[in-house]
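What follows draws every value from the coordinates through simple rules; no lab data is involved. Since we're looking at a predicted model, the values are computed, not measured. Positions of Cβ are backbone-derived with ideal geometry, glycine not excepted, and every protein chain shown enters the neighbour counts.
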Amino acid sequence: AKAAGRNTHYFFTDDLDKEVQESLIIETELREAIKEQQFVLYYQPQVNLADGELFGFEALIRWNHPTKGMVSPAVFIPVAEQSGLIVALGEWVIDEASHFIARLNKEFNKNYTVAVNLSARQFKDKNIVSIIKDSITKARINSHWLDIEITESMLMGDINEALKQLDEIKSLGVQMSIDDFGTGYSSLSYLKKFPVDTLKVDRAFIRDIPDDKDDMAISDAIIAMAHKLNMQVIAEGVETAEHVEFLVRNNCQIGQGYLFSQPLPEAELFSFIKTEKIY
Ligand code: C2E
Ligand code: CA
Ligand code: CA
Ligand code: CA
């Protein structure tokens with residue numbers, strides 16, 4: 001038993017070393033990538049489920065790595081968070097998305113909303129309000145077209161501090177969403193105090209509908225609660241007609257998922273908007 005324990009220990013350190021090494025490599029490459037502008041935003045459509053009209057889009061970052069090809073944010077966002085590089089990267093995302101919004105709504109003569117993801121580190125940053133404000137001004141967009149997605153976990157800890165920050169961001173006139181709702185555990189009693197427009201129901205609750213009755217009960221409850229708090233609801237991970245059917249039956253207005261489209265680069269998205277009949 002002792003020997004096994006020791007082996008386990010060795011394996012554990014080896015794995016840990018490898019992980020640390022890997023994130024150090026990614027961190028070095030990330031610094032380079034920021035300088036070399038190797039990042040690109042993809043955009044995933046959000047659809048009004050009742051009539052099939054486009055509602056808006058979520059901006060999702062990709063790293064166009066010189067040798068590895070497109071790298072998923074799941075790989076590099078955590079490293080960018082830990083190293084603090086997310087602040088510079090996140091600023092680029094907000095700026096790029098704002099200019100995209102200007103092109104999008106000019107091209108289609110619409111008032112589409114585009115959501116960007118904010119990381120915990122960015123949310124805590126004192127400069128975030130002026131960063132968002134500057135991007136909106138430079139891109140000359142209606143601030144209402146920009147939606148800032150935060151997660152529940154960012155609202156835990158010092159609630160009053162979080163509330164102050166939310167209020168300052170909200171005062172710019174942007175929209176705010178809570179992402180991955182239901183996976184963290186924010187205090188429901190505080191939810192009504194937060195200046196939030198939209199709850200995004202996490203994909204985990206949508207995925208197994210209609211087989212999983214518990215997930216249906218939870219989704220139904222989140223949708224009903226959001227509406228009572230005057231928030232709109234976006235269901236993530238909508239992949240099947242059965243998902244849509246359930247969501248429409250339970251008054252969820254908006255859906256986002258592979259059923260409608262994967263995240264697309266700008267040129268492909270523009271032709272999607274022009275040619276696709278959504279469903
Ligand atoms: P998220 O914000 O929850 O974004 C939704 C993720 O679900 C995206 O993955 C999207 O491609 C994927 N998705 C959309 N529809 C479906 C579906 O029907 N089925 C399945 N299986 N997946 C679907 P992606 O683009 O790989 O992004 C992963 C995560 O990385 C995001 O999760 C977000 O937390 C983070 N992220 C992406 N872009 C940014 C960014 O610009 N800044 C920050 N801070 N985080 C970002
Ligand atoms: Ca998101
Ligand atoms: Ca999400
Ligand atoms: Ca997620």
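Of note:
- Hz values of 3J(HN,Hα) by residue in the range 121-135 - Karplus curve (6.51, -1.76, 1.60), Gly and Pro given as x: 4, 5, 4, 7, 5, 4, 7, 4, 5, 6, 4, 5, 4, 4, 5
- Max mean-square fluctuation residue, GNM over the chain, Cα-Cα springs under 10 Å, options Thr67, Thr28, Thr183: Thr67
- In range of the label at Thr183: residues from the range 76-91 whose backbone nitrogen is under 13 Å from the point 7 Å along Cα→Cβ: 78
- Counted charge near Ile26, where neighbours are those whose Cβ lies closer than 12 Å (Asp, Glu -1; Lys, Arg +1): -4
- Mean separation of Cα contacts under 8 Å (6+ apart) over length of the chain, as relative contact order %: 18 percent
- Calculated [θ] (222 nm, deg cm²/dmol) that DSSP helices of n ≥ 4 give over the chain, each run adding -39,500 (n - 2.57): -16000 deg cm²/dmol
- Net charge of neighbours whose Cβ lies under 15 Å from the Cβ of Arg103, counting Lys and Arg as +1 and Asp and Glu as -1: 0
- Near Gly90, once Lys and Arg are set to +1 and Asp and Glu to -1 for all other residues with Cβ below 9 Å from its Cβ, the sum equals -1.
- Spatially near lysine pairs across the range 157-279, Cα under 23 Å, sequence gap of 8 or more or different chains: 13
- Rg(Cα) / (2.2 N^0.38 Å) computed for the range 231-279, rounded to two decimals: 1.24
- Electrostatic dipole magnitude of the range 117-243 [Cβ: Lys, Arg +1; Asp, Glu -1; Cα centre; debye, to 20]: 820 debye
- Among Ser98, Ser153, Ser171, residue whose mean-square fluctuation peaks in a GNM of the chain (springs only between Cα atoms under 10 Å): Ser171
- Sites Tyr190 and Leu24, calculated FRET efficiency, Cβ-Cβ separation with R0 51 Å, nearest 0.05: 0.85
- Shape analysis of the range 138-279 yields a ratio of the Cα radius of gyration to the Kirkwood radius, Rg/Rh, of 0.99.
- Using R0 = 22 Å, the C-beta based FRET efficiency linking Lys126 and Gln82 works out to 0.65.
- Three-way shape call for the chain based on the alpha-carbon gyration tensor, with the a/c threshold at 1.5: rounded
- Chain lengthening between Lys68 and Asp212 when straightened (0.36 nm per residue, less Cα-Cα): 48.1 nm
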